[in-house]
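J.: I have a structure I would like to understand better, so I am pasting it below and will then ask my questions one at a time.
The values are calculated or read from the model by the stated rules, or taken from the named source; none is laboratory data. All of these numbers come straight from a predicted model, not from anything done at the bench. When we count neighbours, we look across all protein chains shown, and the Cβ atoms used for this are built from the backbone with ideal geometry, even at glycine. SASA here: full protein model, heavy atoms, side chains in, ligands and nucleic acids out. Shrake-Rupley method; radii C 1.70, N 1.55, O 1.52, S 1.80 Å.
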Amino acid sequence: MSKIPFRFDQVGSLLRPEKLKKAREAFKQGTITKEALTKVEDEEIRKVIQKQKEIGLQAVTDGEFRRRWWHLDFIAGLNGITVYDFETTAFGITTEAQGTFVSGPLSFDPAHPFLAHFKFTKEQAGETVAKQTIPGPNMIFLDSFILSKQYHEQPVYADKKEFIQDLIATYQAAIQAFYDAGCRYLQLDDTSWGGLFDDRFRELIANNGYDPDELIQEFGDITEAVLADKPTDLVVTFHFCKGNFQSHWLYNGSYDKIAERLLSITQFNGFFLEFDDERSGSFEPLKNIHDQRIVLGLVTTKSPELEDKTVLKHRIKEATEFVPLEQLCLSPQCGFSSTHEGNKVTEADQWKKLKLVIETAKEVWND
């Protein structure tokens, strides 16, 4: 397990097949039952796991096929969370969305549906490593607490400290529950750190009475506390991107402000970081890494154009100015379908890009 993250790896979400999209819409319209939808999900997850194995991935996921959103489905399954509908233009397009807010004491539900979902994935994975992805704790801290208008109108906790204690305990319980279900490769997906360097979000945070610079330390402290007692044979990685919604992004800025604190979280075995365009900035912030692996997200999931292998190798070489080659890995910059709709690429594009990651990594590294 010490080789995780693998030299060639993936973030997690995959494009939803048309059959699954139709079934989900039929369930929404009330024309099929939940059981019928689950049957389609099961069928499509079996197929997509087999496809991942066929192209040679060493860790497989369920493609997040049972989710509407990469994060909200997990958060909605926690005790003390309310989900609501709204319209947003945050990604540069007007679209329906959902949000969450803390509406009661926060805790992990031992009957959380993701546990059964993981057991199914692990069973289908067989001898291959089954990877589980969940949103990181600071997604709740930022979106459902700090920036939540609904929460501030009806606060549940006497103070922030009391909330953070419950947040940490909730995630500690979640991590142990996945471990008990057989998970040995867990990934925390967490875009919330982007709000700490994006000027627009820093202003929103300040307007809500918080100092974004102080939150950098606090985000790190919360994450370290969550991971403090994780089982020693559980590999946990961190994935960060600047937003991924139907090929649109959310946050602007470089890693400079957060890199020192984030990369000092040594309980993580590796960091999946976005480096697929000029918005990502230089590799210099990676000099803050300790002995963890950095998974370079050099292959974009936002557009169908296939990257040039020579360019990818050159970019990896550039990164070695700041991180030894043996600590580097390669992956797409994000999932292909952070939401049910998916990015503006085809399934054929998706598999070509994943194969390119595998081929390139095999030519760069011997292991």
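J.: What figure in square angstrom, to the nearest 10, would you give for the accessible area of residue 3 with a 1.4 Å probe?
T.: 130
J.: While we're on this one: In the chain, what cysteines have no partner Cβ closer than 4.7 Å?
T.: Result for the chain is 183, 329, no neighbouring Cys Cβ within the cutoff.
J.: At 1.4 Å probe size, with the rest of the protein present, what percent of the exposed accessible area of the chain is carbon and sulfur atoms?
T.: On the way: 7240 of 15170 Å².
Solvent-exposed carbon and sulfur of the chain make up 48 percent of the total.
J.: Still on this structure: Count the DSSP beta bridges whose two residues both fall in the chain, then state the antiparallel fraction as a percent rounded to the nearest 5. Walk me through the numbers on the way to the answer.
T.: Values: 11 of 37 bridges.
Of all bridge pairs located within the chain, approximately 30 percent are antiparallel.
J.: Using a 1.4 angstrom probe and counting only protein chains, how large is the accessible area of residue 210 in Å², to 10?
T.: 50
J.: With a 1.4 Å probe and all protein chains kept in place, how much accessible area does residue 309 have, in Å² rounded to the nearest 10?
T.: 50
J.: Using just the helices of the chain, give the 222 nm mean residue ellipticity in deg cm²/dmol: DSSP H runs with n ≥ 4 each add -39,500 (n - 2.57), and the total is spread over all residues, rounded to 500. Mind dumping the intermediate values first?
T.: Values: 11 runs with 139 residues, N = 367.
After summing the helix terms and dividing by the residues of the chain, the value is -12000 deg cm²/dmol.
J.: Counting only heavy atoms of protein chains, what accessible area per residue, in Å², does the chain have with a probe of 1.4 Å?
T.: Working: 15170 Å² over 367 residues.
Using a 1.4 Å probe on heavy atoms only, each residue of the chain averages 41 Å².
J.: So, one more: Give me the percent of Cα-Cα pairs in the chain that sit more than 29 Å apart, rounded to a whole number. Kindly include the intermediate steps, with their values, before the conclusion.
T.: Numbers: 25184 of 67161 pairs.
Summing the P(r) tail past 29 Å for the chain gives 37 percent.
J.: Right, something else. What order do 83, 235 take when sorted by accessible area (1.4 Å probe), most exposed first? Numbers along the way, then the final one.
T.: Details: 83 60, 235 5 Å².
The ranking, largest first, comes out as 83, 235.
J.: Out of all Cα-Cα pairs in region 172-217, roughly what percent, to the nearest whole number, are more than 11 Å apart? Walk me through the numbers before you get to the answer.
T.: On the way: 735 of 1035 pairs.
Roughly 71 percent, once rounded to a whole number.
J.: Going by accessible area, probe 1.4 Å, with all protein chains left in place, what is the ranking of 358, 32, largest first?
T.: Numbers: 358 10, 32 50 Å².
Heavy-atom accessible area, descending, gives 32, 358.
J.: Oh, and also: Apply the Debye scattering formula to region 132-222, with a single equal point scatterer on each alpha-carbon and no solvent, then give log10 I(q)/I(0) at q = 0.11, 0.15, 0.19 Å⁻¹.
T.: Normalising to I(0) and taking log10 leaves -0.35, -0.62, -0.93.
J.: Given 0.36 nm per residue, what is the gain on full extension from residue 267 to residue 365 after removing their alpha carbon distance, in nm? All intermediate terms of the calculation are to be shown ahead of the outcome.
T.: Details: separation 98, 0.36 × 98 = 35.28 nm, distance 2.46 nm.
Extra length from residue 267 to residue 365 when fully extended: 32.8 nm.
J.: Right, something else. What does the net charge come to around residue 81 if you take all other residues with beta carbon closer than 12 Å to its beta carbon, with K and R at +1 and D and E at -1?
T.: On the way: positive: none; negative: 73, 109, 143, 166.
It works out to a net charge of -4.
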